[in-house]
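First comes the structure, then the notes that go with it.
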Amino acid sequence: MNKIVEVLPDKAALIQRSLEIVISKITKAIEERGQFTIALAGGSTPKPLYEAMATQNLPWDKIHVFWGDERYVPPDHPDSNQRMARQAMLDRVTIPEGNIHPMPTGGSNPSADADKHEAELQAFFQAQVGKFPKFDVILLGIGDDAHTASLFPHTEALQVRDRMIAVGNKDGQPRITFTVPLINHAREVMFMVVGDSKRAALAQIFAPTADDFTYPARLIQPRGQLWWLLDESAGGDLKT
Ligand code: 6PG
């Protein structure tokens with residue numbers, strides 16, 4: 001694993017830097033493989049990145065968009081990560097609908113929907129069962145509790161090693177989430193972390209020793225390139 005930690009002066013600089021990196025990876029992936037696959041993070045931090053991507057003249061017909069996790073709500077629900085990304089980016093660009101691969105949340109059975117998305121990923125990547133596909137880029141955030149995607153502290157989803165998709169659990173609310181091994185197989189994993197509320201979590205994530213199941217983002221140790229983009233308020237005094 002190759003880890004790069006960059007502390008940017010503020011959120012705007014972090015968004016600009018993340019845009020530069022994502023665009024460079026889009027160009028590289030399309031040159032090498034004819035397409036680019038990205039898994040979006042939810043929450044609030046990445047929204048300006050999605051808005052900025054929508055202003056770029058990108059080859060959207062060659063870009064496939066997934067989500068690293070999703071709240072178990074309908075796609076038009078205010079909490080939906082899909083809804084946020086469509087409003088911030090996808091509704092503003094000429095991306096074919098077939099290039100958008102949302103996590104299914106419309107049923108009444110999160111486990112069945114997780115299995116459904118597992119099958120969708122297997123089909124898209126032509127992945128053999130038990131083999132993990134390589135996303136070009138997986139974007140992630142962290143919570144104040146050091147969760148990432150919907151991998152929350154001391155939940156079963158943290159231990160899933162033989163599946164791509166699991167059912168996460170936030171205070172009893174179901175989520176659909178990428179698993180640790182799927183994230184760790186990505187070519188590039190990029191954390192975007194803003195705000196002093198994330199300092200304590202970052203200190204534990206970067207600590208030489210701490211419990212991985214208490215601070216789940218510690219489990220993200222990809223074989224590829226790991227990026228930590230932090231703003232000054234989050235990472236200013238971090239020993240990296
Ligand atoms: C989600 C996200 C989650 C998010 C962190 C950080 O569905 O909420 O995937 O993991 O990245 O909670 O959220 P903020 O960017 O809003 O701080």
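The values are calculated or read from the model by the stated rules, or taken from the named source; none is laboratory data. Keep in mind the model is a prediction, meaning the values are calculated, not measured. Note that we place each Cβ from the backbone using ideal geometry, even for glycine, and neighbour counts take in every protein chain shown.
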### Task
Please go through segment 6-34 and pick out each residue that is over 17 Å from the mean Cα position of the chain (by Cα) and either within 15 Å of F191 (Cβ to Cβ) or of a type in the set (F, W, Y) (or both).
E6, V7, L8, K11
### Task
All but one of (1) away from the ligand (no atom under 16 Å from the Cβ); (2) in a loop (DSSP other than H, G, I, E, B); (3) within 25 Å of I63 (Cβ to Cβ) hold for A119, so report the exception by its number.
(2)
## Note on the structure
The lone condition H147 fails out of (1) touching a residue at least 24 places away in the same chain (Cβ under 8 Å); (2) farther than 14 Å from T179 by Cα is (2)
### Summary
Matching residues in segment 175-204 (within 13 Å of the ligand (Cβ to nearest atom), more than 13 Å from G236 (Cβ to Cβ), in a helix (DSSP H, G or I) and aliphatic (A, V, I, L, M)) number 2
### Message
Restricting to segment 102-134, count the residues that are modelled with pLDDT of 95 or more and over 19 Å from R33 (Cα atoms).
### Response
16
### Message
Checking R163 against (1) within 14 Å of the ligand (Cβ to nearest atom); (2) part of a loop (DSSP other than H, G, I, E, B): exactly one of these is not met. Which one?
### Response
(1)
### Query
Residue check: is D144 more than 16 Å from the ligand (Cβ to nearest atom), of a type outside the set (S, T, Y) and out of contact with any Phe, Trp or Tyr (no Cβ under 9 Å at 6 or more places or on another chain)?
no
### Task
Could you tell me which of the residues I26, I21, I30 is out of contact with any helix residue (DSSP H, G or I) (no Cβ under 9 Å at 6 or more places or on another chain), of a type in the set (A, V, I, L, M, F, W, C) and more than 16 Å from the ligand (Cβ to nearest atom)?
I21
### Query
If you scan segment 67-89, which residues turn out to be surrounded by 15 or more Cβ atoms within 10 Å (Cβ to Cβ), touching a helix residue (DSSP H, G or I) at 6+ places or on another chain (Cβ under 8 Å) and free of Cβ contacts under 8 Å to residues at least 60 places away in the same chain?
W67, P75, M84, A85, A88, M89
### Query
Hey, any hits in segment 92-108 for a residue that's surrounded by 11 or more Cβ atoms within 10 Å (Cβ to Cβ) and part of a helix (DSSP H, G or I)?
yes
### Query
Are any of the residues in segment 219-238 surrounded by fewer than 18 Cβ atoms within 10 Å (Cβ to Cβ), of a type in the set (A, V, I, L, M), touching a residue at least 40 places away in the same chain (Cβ under 8 Å) and in a loop (DSSP other than H, G, I, E, B)?
yes
